[in-house]
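*Asks:* Below: one structure in structure tokens.
The values are calculated or read from the model by the stated rules, or taken from the named source; none is laboratory data. What you see is a predicted model, and the numbers here were worked out from it, not measured in a lab. For neighbour counting, all protein chains shown are included, and Cβ atoms are generated from backbone atoms with ideal geometry for every residue, glycine included. The area values use the complete protein model at the heavy-atom level, side chains included, leaving out ligands, DNA and RNA. Shrake-Rupley method; radii C 1.70, N 1.55, O 1.52, S 1.80 Å.
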Amino acid sequence: MLDVPLWVWIATLTGLLTVLAVDLVGGQRNPRAVTTRAAALGVAFYVGLAGVFAVGLLVLAGPSTATQFTTGYILEYSLSVDNLFVYLLLMSSFAVPDQQRKDVLLVGIVGTMMLRAPFIAGGAAAAERFSFTFFVFGGLLLYTAVSLLRAKDGEHPDPGDTLVVRLVRRVFPVSDDYDGGRLTIVVDGRRSLTPLLLAMVAVSVVGLVFALDSIPAIFGVTKEPYLIVTANAFALMGLRQLFFLVEGLLGRLVYLSVGLAVILGFIGVKLILEALHLHWWRAAPLPGIAMSLGVIVGVLTVTVATSLRRASRDRNVPQGP
């Protein structure tokens, strides 16, 4: 296990929160809709930041630690792309204005990070004390992989109809209209929530639901709590900009669910093999971290290439009368 001093934890979390705070303040001062150029620069910045962090780990902790972080980061980032489909449905469900979409995503992602923290801590403690947890995590990932393969194209539940959102609507009065970036307004002398606040709550809940897949998956790459936390944080930090960059591209990634199913299936099998190795089958073949990185990158590359090729072929097919 990595021996991470408390001051390193504090410095890392402070740095991540500072970057997010600057992003939030900058978004508030620039209320215009996010352009493709701005989104591309944002994605490049956050990916570059993760790269700098990986280089720091390489210098200070060695190649194994840096490779574990890089693999976990790519895994979490790729799984987050599936979140974008649901976020797109959510924006349509709540009819979020273009100017407020970036704020909904950022606040929702920050909320997701806070809600995921107990899951990460609990998962790390369980994995450290009870190796049988790997069987549970592996089985959950295999179940998710099969569910992705069996799901119909474009099949997603209504993200605006979660239990939490319904509960908020039942307890608090909610206005029908947006009022810029305000979260509450006074309607007929009564303080009411705006749909903007509900959308932020819904994004956070959706992110927490997706954690049920992504957090067990990263345990198949690394068991280090520090690397799990930072890989999740960096992947979520760049998700807001990635949404606006690939918003028009999402509909063309027709094989994304298949690619993610293969990745989750591979990680699930890896976790089960690790559990078998610890308890019964010492000769169980264990994929190394380099192999895991190669599988994830390779599957993502093939998924994107075949999806874009299929989309291009379908676009060139003559339409009927």
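*Asks:* Between residue 146 and residue 185, what is 0.36 nm times their sequence separation minus the Cα-Cα distance? Round to one decimal in nm.
*Replies:* Length gained, residue 146 through residue 185: 9.6 nm.
*Asks:* With a 1.4 Å probe and all protein chains left in place, how much of the accessible area of the range 38-80 comes from carbon and sulfur atoms, in whole percent?
*Replies:* C and S atoms contribute 82 percent here.
*Asks:* Next up: When all alpha-carbon pairs of the range 37-99 are counted, what percent fall beyond 14 Å?
*Replies:* I get 69 percent for the Cα pairs in the range 37-99 exceeding 14 Å.
*Asks:* Please list 307, 312 in order of solvent-accessible area, largest first, computed with a 1.4 Å probe with all protein chains present.
*Replies:* 312, 307
*Asks:* Ranking request for peptides 55-61, 238-244: highest mean number of other beta-carbon atoms within 10 Å first, then the rest in descending order.
*Replies:* 238-244, 55-61
*Asks:* Given a 1.4 Å probe and the protein chains all in place, what does the accessible area of residue 310 round to, in Å² to the nearest 10?
*Replies:* 80 Å²
*Asks:* Assuming R0 = 22 Å, can you tell me the calculated FRET efficiency for the pair residue 55 and residue 308, based on Cβ-Cβ distance, to the nearest 0.05?
*Replies:* After rounding, the FRET efficiency stands at 0.10.
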